[in-house]
1. Distance between the C-alpha centers of the stretch B:1-54 and the stretch A:142-185? Whole Å please.
2. Once phi is turned into ³J(HN,Hα) by the Karplus curve 6.51 cos²θ - 1.76 cosθ + 1.60 with θ = phi - 60°, what whole-Hz value does each residue of the stretch A:301-306 show in order, with x for glycine and proline?
3. Given the options A:57, A:313, A:75, state which has the largest fluctuation in a GNM of chain A using a 10 Å cut-off (strictly under) for Cα springs.
4. Stick to Cα atoms and the Kirkwood definition of Rh, then tell me Rg/Rh for the protein assembly as shown.
5. Would you grab the residues whose amide H sits under 5 Å from the one on residue A:87? Only those 5+ places off in sequence or on another chain, please, with H modelled 1.01 Å from N.
6. Anyone know which of A:52, A:240, A:29 comes out most mobile in the 10 Å Cα GNM of chain A?
7. Given R₀ = 25 Å, what would the calculated FRET efficiency be for residue A:106 paired with residue A:177, taking r from the Cβ atoms and rounding to 0.05?
8. Of the peptides A:144-154, B:26-36, how do they stack up when ordered by the mean number of other Cβ atoms within 10 Å, highest first?
Amino acid sequence: MQPPVAEVSAIRGFLLSRGNSAIADRGFRWLMVFCALTIFGIVVLIATELVRSSHLTWARFGFRFFFSEFVNPDTKLPMYWDPVNGHFSALPFVFGTLVSSFLSLLLAVPLAIGLAVFLTEMCPRWLRGPLAFVTELLAAIPSVIYGLWAMFVLVPLLRDYVNPTLVKLLGWTGFFNDDNPTGLGFLAAGVILAIMILPIISSLTREVMNAVPGSQREAVLALGATRWEMIRVGVLRNARIGIVGAIILGLGRALGETMAVTMVIGNTPQIQRSLLASGASMASVIANEYAEAANDLHLSALTEIGLALFIVTIIVNALARLLVWAVTRGAPAQVH
Amino acid sequence: MRTGVDGLATSLAVLSTVLVVVPLVAIFAYLIYKGASSLNISFFTQIPKPEGELGGGMANAIVGSGVLLGLASLIGVPIGISGGIFLAEFGRGTKLANAVRFTADVLNGVPSIVMGIAVYALIVTPRMPFSALSGGVALGIMMIPTVTRTTEEMLLMVPHAVREAALALGVPNWRSVLSITVRTASPGIITGCMLAFARVAGETAPLIFTAFGNSNWSVALNQPISALPLEIYRYAISPYDDQHRQAWAAALVLVVLIVAAVSLVRFVTSRGTLKGAS
């Protein structure tokens, strides 16, 4: 072994022979800053491109694009989307996106919180790892494969068993009509969306629940609380802001989810009260029509729907991140 | 009464866990059943037959996915890792770094189809209608936020003493970052890149109007190109049973690829990649 002095000077000599390190240091630093700034660049790029290529619709319809409806001269019925004759209104797509997203939240949130409670507070240690892994796998499956499964398994199941039962039991409410024999529609989209957003809500909820200090749990238990009371008072109440953040993040995913929804929602631009009716969402109409748009105005209308989706998801995601950060600040961050 | 409520809550939590696990198992079981019974050699060696004819395969889609993902990694990985280096090594605690981190997280939640429109507006012109290049750019942009955030996390796990030791020897900062810190964290950074890779490997929405799909052999960057997720979508909505069969086969191939990547990530990170360093 060489004496340490010689070793050090050898390294120094080697490094000094490689030129002025101050300039290299500064250059390297600026290169890294530049790459980090591309993230802002991407956001600006998306925004400008979307605004630039949707100006045609904006100039023609303005804000009415999201509210107006037209009357079909033949049937005297309201209509919204007629690319050939230049009638464009995003109303049915906004409606479809909202209905399917909130339906999915309604189904997913209780299950996701139940799963998170089970995993963090009740689960035997040996089961925790595999279960967490299984939910992670759910998050890794591509959207188009959920769509494939939904088309060939979920939709027939709904069509043959669930929908007739709902019509029989709850048909009187008006939310369940049996005038759509395909099984494709808002309910199918809501169910598949629920399966898809469950992992993200659940894993974030787990994260904020883990951020609640153990002393909180011990304090509540020491007062004689049962386990559920401990979870309710000690954990859920402390983590509620973060849980709301997790739910909003799930909403963000549901709003923008494209392929699975496109494959099961039915793709008809209509507004129906029945959850079993087919519809279309903002993302699904883009996926369906963008590649073969009839004319420039059609393309511009689809781009404007994309712009609306972009703005809404930016706001929703920013809000959710702020809420989750408010709770887990200090705890190590995780990427999803 | 109180123990009754406790028992009820416990059983509800167990019930919801079961309700979550059941669809997952159902999806996987059905996928493996349908996919495995539809896979054969010609799936990997042949290109699609004209619609309605039996047989054919997806060799062009597998190669096409490879081209698109290679292009995406070429864009997403270097920029993403550099961004992560900035966050962990230079920007720690600054306002700029916080803003970058926040924007990356928010960008992660932007629907992929919106990225597709932006890239369409930027690159796709009458002269170059649909192309592999535009598809690769769309996927590459989507990789950047994920790679940035995982790289940052992995670099933060490298102990400070390692950096200090390097600097104390008179190593220039850029060299200490590249050959000491980044190298120490490289297993983690590589798994982070694979995670991003797995995510975009299944992306369909932005490819519909950028890469567009192609039923012939094509690896040219300025021509439409086929990709596995695109073919799954196209075949799933087609009316032919034989195409549905192939959609399932493609889905199985894609999921095996992705699950392998995710499992590897999980395996490496749970082993503590940085054991040697700390």
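Bear in mind these aren't lab numbers, they're just calculated from the coordinates by the rules spelled out. Since we're looking at a predicted model, the values are computed, not measured. Cβ sites come from the backbone with ideal geometry, for glycine too, and all protein chains shown count toward neighbours.
1. If you average the Cα positions of each part, the centres end up 18 Å apart.
2. With coefficients 6.51, -1.76 and 1.60, one gets 5, 5, 5, 5, 4, x Hz.
3. Answer for the Gaussian network model of chain A: A:75.
4. Here Rg/Rh amounts to 1.00.
5. Long-range HN contacts for residue A:87: A:82.
6. Among A:52, A:240, A:29, the largest mean-square fluctuation in the Gaussian network model of chain A belongs to A:29.
7. Values: r = 19 Å, r/R0 = 0.77.
Step by step, r from the Cβ atoms, then E = 0.85.
8. Highest mean packing first, the order is A:144-154, B:26-36.
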